[in-house]
């Protein structure tokens, strides 16, 4: 699967969210692909889109940290940058599923998991990398969301962070 192309609406114009991504200098990577047929990157039930966990090991971006424990092997700031890159990948997965990002009516909830030590008290600050990106891309009405952040003892493959999300999709 290659990169996700910008959505061109009738009349040859780019969709609002694709235009915003272009203005921000963001090119969407390939959407999430899972290694097993028993799960899927996203499931839509009615208007709700449930997006599977996106972990750092799946990023193609070498500028972010894909392995390690936050506040031990990598800094919280590096982990936040990785969260931001995961949010970009999640947007690519959403686009692959719904085809037009302008159909996203609300970023409902984001869950961020941070691989860290038991005394780390700032998983919420790490998740800001993703939350801020959704807010910037979709704007305050659509991008402001509920969220939870948790510190965990480990993540698959020693990934530092992982996010999953719920989105409201319109027609």
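Can you find a residue in the range 80-88 that is closer than 20 Å to residue 168 by Cα and in contact with a strand residue (DSSP E or B) (Cβ under 6 Å, 6 or more places away or on another chain)?
The answer is yes; a qualifying residue exists.
Suppose the filter is outside any loop (DSSP other than H, G, I, E, B), surrounded by fewer than 21 Cβ atoms within 10 Å (Cβ to Cβ) and touching a residue at least 12 places away in the same chain (Cβ under 8 Å); does residue 115 pass it?
Considered against the rule, which asks whether it is outside any loop (DSSP other than H, G, I, E, B), surrounded by fewer than 21 Cβ atoms within 10 Å (Cβ to Cβ) and touching a residue at least 12 places away in the same chain (Cβ under 8 Å), residue 115 comes out as no.
What tally of residues in the range 142-171 results from selecting those that are touching a strand residue (DSSP E or B) at 6+ places or on another chain (Cβ under 8 Å), more than 30 Å from residue 118 (Cα to Cα) and loosely packed, with under 12 Cβ neighbours inside 10 Å?
1
Kindly check whether there is at least one residue in the range 23-30 that is buried (at least 18 other Cβ atoms within 10 Å of the Cβ) and modelled with pLDDT under 85.
The answer is no, given that none of the residues of the range 23-30 is buried (at least 18 other Cβ atoms within 10 Å of the Cβ) and modelled with pLDDT under 85.
Got a number for residues in the range 29-51 being under 14 Å from the mean Cα position of the chain (by Cα) and farther than 14 Å from residue 88 by Cα?
Adding up the residues that qualify gives 5.
Which of the residues that make up the range 145-171 are closer than 25 Å to residue 15 by Cβ, touching a helix residue (DSSP H, G or I) at 6+ places or on another chain (Cβ under 6 Å) and in a loop (DSSP other than H, G, I, E, B)?
Passing the criteria: only 170.
Kindly indicate whether any position in the range 51-72 is more than 21 Å from residue 157 (Cα to Cα), surrounded by 20 or more Cβ atoms within 10 Å (Cβ to Cβ) and in contact (Cβ under 8 Å) with a residue 12 or more places away in the chain.
no
What about residue 92, is it touching a residue at least 40 places away in the same chain (Cβ under 8 Å) and over 25 Å from residue 141 (Cβ atoms)?
no
Return the only residue of 56, 81 being in contact with a helix residue (DSSP H, G or I) (Cβ under 8 Å, 6 or more places away or on another chain) and modelled with pLDDT under 95.
So the residue among 56, 81 that is in contact with a helix residue (DSSP H, G or I) (Cβ under 8 Å, 6 or more places away or on another chain) and modelled with pLDDT under 95 is 56.
The values are calculated or read from the model by the stated rules, or taken from the named source; none is laboratory data. Small disclaimer: the values here were computed from a predicted structure and weren't measured. Neighbour counts are summed over all protein chains in view; Cβ atoms, including those assigned to glycine, are modelled from backbone coordinates with ideal geometry.
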